[in-house]
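Trainee: First the structure, which I've put down as structure tokens, then a few questions once you've had a look.
The values are calculated or read from the model by the stated rules, or taken from the named source; none is laboratory data. Not measured: the values here are computed from a predicted model. We place every Cβ from the backbone using ideal geometry, glycine too, and count neighbours over all the protein chains shown.
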Amino acid sequence: MNYGYFDDANKEYVITRPDTPTPWTNYLGSTEYGAIITNNAAGYSFIGSGANGKLLRFRFNACYSNLPGRYIYISDQESKDYWSASWQPVGKSLENYQTICRHGTAYTEITSQYQNIETSTLYYVPLHQQYEIWHFKVKNMDTVTRNLSIFAYSELTNHKLEAMDMNNLQYSQYISRTYYKDNHLMQYTNGLSDDGCWRFFGVSKASAVGWDGSREGFLGTYGSYSTPSAVINGACNQTLNYTGNSCGSLQVNVNLEPQEENEMVFILGEGTDEMASQLLNHYKNARVVQEELFQLKQYWHSKLEAFQVQTPDSKFNSMINVWHSYECFVNTYWSRTASLIYSSGRNGLGYRDTVADLQSIMHLDHKLAGERLVTLLSGQVSNGGALPLVRFDHIPGTEFLPDSPEYQQKTGYDNYRCDDGLWLFEAVLQYIKESGKVEFLDTIIPYSDTGKATVYEHLKKALEFLLARLGEHHLLIAIDNDWNDCLKLGSQGESVFASFQLYLGLKIFQELAHLIHKDKDLIWAESHAKELYSSLQTHCFQDGQFIRAITKDHHVIGASTNEEASLWLNPQTWSVISGVASPKQAEEVLDKVDKILKTEYGALLFYPSYTSFKLPEINMAVYLPGVKENGSIFLMAEAWIIKAETMLGHGNQAWDYFNSTNPASYNDKCELHQTEPYVYSQFVEGIESPYYGRAHGHWLTGSASSIMLSVVEGILGVRADYDGLIVQPCIPSKWEEFSIVRHFRNKTLHIHVCNPDHVEKGVTKIVLNGEEFINSCFIPLCKMKELNEVEIIMG
Ligand code: GLC
């Protein structure tokens, strides 16, 4: 079933049916002011952090028809009929209510028609500002004059801490009150304490004739979002909040002649009365909204322009050119802190997640990626370990150690995880190659607790920390866990996956040591890599597959003879990615993945799922079979099978894995995934689930980040190098040609790839601005002009 389409020219996803299987959302704003909005205008806003800066309240897990949001209601003063400018919350019959939602890059526009009245609401956060705009237009398409009342409603939190607002009512209800003055409501919360703040909700370009600052005043004591008493009665009740729930609701009356249109601008934010008045004045100027929207589009579109593709697959193009890339930015901004699934429990950047996120935007905005990288390096502890969560208000040099009670109290995490620092190696290398700044290695960055060191030393410290934690089989000890949060291997269990990562880390470190002539370090890392290699080969390859882990009691996880979870995806893919698997082993293990784990919706994380709690380490057994870390199609891991297949030159197979997990592939069968077809979800239920194929965990997920890397560097094969660009595609053989526009070090390359012999991998010739390079897939920087035409022949 189809609920919408990709409008590539406008870089929008257009939802043509509002009764989507789940609320399909978009992200507005920036790290200063974030906002989530669904296709039916539900959602919430937050300043700085979803956990500590909630402005608009949200009720996670409420029924979809009963979610708070940014609602605008219209009531007809004659007929007394009323509806909302988005299909929900009033939910008129779709037989006579038409609506379209256009999600764009940091804006959403919802246009609706009902009873010959057309409305459109554009929602956005102006660039670099900490407030949001709801630009509302209403047009009379009737042949007679229509007298309408417009009501805008926003439900403000009483306390900006999510937990206080939702749970501590005996406190939060007594600290917030509202006032009304000149077209705007002001709310004050938290008295004169440090946490105290003013919020405003006002209307510009129109005169408010009524208001309510109390939620019950607007909705009615037993009212709801679909039956607000003020709207039913055709008039706000002029209530204010004192010891209850605040809201901002404003009423504007409009009388429209046939074909007449009226507009008004609602503004919501945090700030003083003075600021609110200034803004209301500012938006009286008709051009402001149009200019701001233009700037917003320019800002985002220019970021996306850094990498654009035209391939024979239009869904692939829509995703890479707009939505997948935009999702990667959203992930980099908000990590895993605010969505309809993440209810702000975490107040910061998950270490490994954020490294993956920043890597995914390296080719689009390496400056932003570099800033995040520096933040994460400052989240490394002076002993070489890393903070599992780098809080949004992180102050390097002052943070507690991850295994301290204070850190646990602040973040909920109580120990190091063995893999966090390991993600840095590829990220640092990627940043150096993208930016051309080898000197980044010399940048001095503080540790999270005390002291400072160069980036190079940070990396060395990370290796030292981990090499001091090798177990009985000379493999990396998990400490708490590795990439898989549910595999609690503890202080003695050894992780094979993380050992592959450590091996790759040592390899990258050797490359860097060589680059800056640190010969002793090079030899040191080489010898450790050698030992690790032999442990991995000696203890971990059995019966044509790599095992996943060895517990402290010597149970082998992921052995082919196990009753449950007898083949795991990650150790197979990472044996190839790390370079540990021999060419023969690599073919063998990926072939096994193809036979046992590959499904029509992607590869399973392992098979069969756990149904018993035989080992204490197996925390994922808590999940239903085929769900989350218990044998689902966990899409972040899908990235690595795509990458591994491209490393072996299997373009068709890599494409198969990619295509079966690309959300856009499900655009015409949305009943299956149910989540947005324009963004990645965290996982898809596996074959053991009765709902095999259903997706969960939209937007904020490592799936988008890691798959982006595998697509750009693996399938399209475009990778920055120290002094040039490598283009080594690994594509489905049916592709005859495709093209890429790539920005690289202030230069633009128009790359056209021809595949006359229908191969999956292999470049025979590169022609750069007329100059031929035979048997090379490297485009040297020194030969690049500002604008470059590149012809690449595969064969
Ligand atoms: C979630 C977490 C990520 C973890 C993965 C597997 O995606 O955000 O950090 O690696 O689950 O457990």
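Trainee: Does segment 6-15 include one or more residues that are of a type in the set (S, T, N, Q) and farther than 30 Å from residue 189 by Cα?
Mentor: Looking for residues that are of a type in the set (S, T, N, Q) and farther than 30 Å from residue 189 by Cα, one finds at least one in segment 6-15, hence yes.
Trainee: Here are some residues: 45, 49, 79. Which one is buried (at least 23 other Cβ atoms within 10 Å of the Cβ) and either modelled with pLDDT of 95 or more or part of a strand (DSSP E or B) (or both)?
Mentor: Exactly one of 45, 49, 79 is buried (at least 23 other Cβ atoms within 10 Å of the Cβ) and either modelled with pLDDT of 95 or more or part of a strand (DSSP E or B) (or both), namely 45.
Trainee: Now for a separate question. For segment 354-412, which positions are on the phi > 0 side of the Ramachandran plot and out of contact with any helix residue (DSSP H, G or I) (no Cβ under 9 Å at 6 or more places or on another chain)?
Mentor: Selection gives 397, 412.
Trainee: Scan (1) buried (at least 21 other Cβ atoms within 10 Å of the Cβ); (2) within 16 Å of the ligand (Cβ to nearest atom) for the single condition residue 373 breaks and write down its number.
Mentor: Result: residue 373 passes all but (2).
Trainee: Moving to a separate point now. Under the condition of being touching a helix residue (DSSP H, G or I) at 6+ places or on another chain (Cβ under 9 Å) and not aromatic (Phe, Trp, Tyr), which residue from segment 763-790 is surrounded by the most Cβ atoms within 10 Å (Cβ to Cβ)?
Mentor: Looking at residues that are touching a helix residue (DSSP H, G or I) at 6+ places or on another chain (Cβ under 9 Å) and not aromatic (Phe, Trp, Tyr), I get 768.
Trainee: From the list 569, 604, 590, pick out the single residue that is over 27 Å from the mean Cα position of the chain (by Cα) and either within 23 Å of residue 665 (Cα to Cα) or modelled with pLDDT of 95 or more (or both).
Mentor: The conditions single out 590.
Trainee: Please work out which residue is surrounded by the fewest Cβ atoms within 10 Å (Cβ to Cβ), limiting yourself to segment 90-147 and to residues that are part of a loop (DSSP other than H, G, I, E, B) and of a type in the set (A, V, I, L, M).
Mentor: The residue in question is 144.
Trainee: I would also like to ask the following. Considering only segment 273-289, state which residues are at pLDDT 95 or above, touching a strand residue (DSSP E or B) at 6+ places or on another chain (Cβ under 9 Å) and exposed (fewer than 14 other Cβ atoms within 10 Å of the Cβ).
Mentor: 281, 282, 284, listed by residue number.
Trainee: Scan segment 678-728 residue by residue and report those that are in contact (Cβ under 8 Å) with a residue 40 or more places away in the chain, assigned to a loop (DSSP other than H, G, I, E, B) and more than 16 Å from the ligand (Cβ to nearest atom).
Mentor: Scanning segment 678-728 gives 678, 687, 688, 689, 692, 693, 716, 717, 722, 723, 728.
Trainee: Taking the stated definitions as given, is residue 497 part of a helix (DSSP H, G or I), buried (at least 18 other Cβ atoms within 10 Å of the Cβ) and within 16 Å of the ligand (Cβ to nearest atom)?
Mentor: Spelling it out, residue 497 is indeed part of a helix (DSSP H, G or I), buried (at least 18 other Cβ atoms within 10 Å of the Cβ) and within 16 Å of the ligand (Cβ to nearest atom).
Trainee: In segment 444-451, is there at least one residue being touching a helix residue (DSSP H, G or I) at 6+ places or on another chain (Cβ under 9 Å) and without any contact (Cβ under 8 Å) to a residue 12 or more places away in the chain?
Mentor: Within segment 444-451 (the criterion being touching a helix residue (DSSP H, G or I) at 6+ places or on another chain (Cβ under 9 Å) and without any contact (Cβ under 8 Å) to a residue 12 or more places away in the chain), the answer is yes, since at least one residue qualifies.
Conditions tested, residue by residue: (1) of a type in the set (A, V, I, L, M, F, W, C); (2) surrounded by fewer than 18 Cβ atoms within 10 Å (Cβ to Cβ); (3) over 27 Å from residue 658 (Cα atoms).
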position	(1), (2), (3)
523	yes, yes, yes
532	yes, no, yes
548	no, no, no
567	yes, no, no
576	yes, no, no
579	no, yes, no
591	no, yes, no
603	yes, no, no
609	no, no, no
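Trainee: Checking residue 585 against (1) more than 26 Å from residue 529 (Cβ to Cβ); (2) more than 16 Å from the ligand (Cβ to nearest atom); (3) part of a helix (DSSP H, G or I), which test does it fail?
Mentor: Every condition holds for residue 585 apart from (1).
Trainee: Hey, another quick one. Could you please find all residues in segment 455-487 being touching a strand residue (DSSP E or B) at 6+ places or on another chain (Cβ under 8 Å), within 16 Å of the ligand (Cβ to nearest atom) and either within 14 Å of residue 423 (Cα to Cα) or in a helix (DSSP H, G or I) (or both)?
Mentor: 482
Trainee: Among (1) in a loop (DSSP other than H, G, I, E, B); (2) touching a Ser or Thr at 6+ places or on another chain (Cβ under 8 Å); (3) among the β-branched types (Val, Ile, Thr), where does residue 227 come up short?
Mentor: Going through (1) in a loop (DSSP other than H, G, I, E, B); (2) touching a Ser or Thr at 6+ places or on another chain (Cβ under 8 Å); (3) among the β-branched types (Val, Ile, Thr) one by one, residue 227 breaks only (2).
Trainee: Only one of these is in a loop (DSSP other than H, G, I, E, B), touching a His at 6+ places or on another chain (Cβ under 6 Å) and away from the ligand (no atom under 13 Å from the Cβ): 675, 611. Name it.
Mentor: Going through 675, 611 in turn, the sole match is 675.
Trainee: What single numbered condition from (1) closer than 22 Å to residue 256 by Cα; (2) of a type in the set (A, V, I, L, M, F, W, C); (3) touching a His at 6+ places or on another chain (Cβ under 6 Å) fails to hold for residue 200?
Mentor: Of everything listed in (1) closer than 22 Å to residue 256 by Cα; (2) of a type in the set (A, V, I, L, M, F, W, C); (3) touching a His at 6+ places or on another chain (Cβ under 6 Å), residue 200 misses just condition (1).
For (1) farther than 27 Å from residue 710 by Cβ; (2) hydroxyl-bearing (Ser, Thr, Tyr), each residue gets a yes or a no:
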site: 573; (1), (2): no, yes
site: 585; (1), (2): no, no
site: 597; (1), (2): no, no
site: 601; (1), (2): no, yes
site: 604; (1), (2): no, no
site: 608; (1), (2): no, no
site: 622; (1), (2): yes, no
site: 629; (1), (2): no, no
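Trainee: Does residue 420 satisfy being within 16 Å of the ligand (Cβ to nearest atom), surrounded by fewer than 18 Cβ atoms within 10 Å (Cβ to Cβ) and touching a residue at least 60 places away in the same chain (Cβ under 8 Å)?
Mentor: In short, no.
Trainee: Restricting attention to segment 624-661, which residues are buried (at least 24 other Cβ atoms within 10 Å of the Cβ), away from the ligand (no atom under 16 Å from the Cβ) and not charged (D, E, K, R)?
Mentor: Matches in segment 624-661: 642, 644, 646, 651, 654, 655, 657, 658.
Conditions (1) within 12 Å of the chain's Cα centre (by Cα); (2) within 21 Å of residue 709 (Cα to Cα); (3) modelled with pLDDT of 95 or more, marked per residue:
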residue: 346; (1), (2), (3): no, no, no
residue: 365; (1), (2), (3): no, yes, yes
residue: 373; (1), (2), (3): no, yes, yes
residue: 385; (1), (2), (3): no, no, yes
residue: 426; (1), (2), (3): no, yes, yes
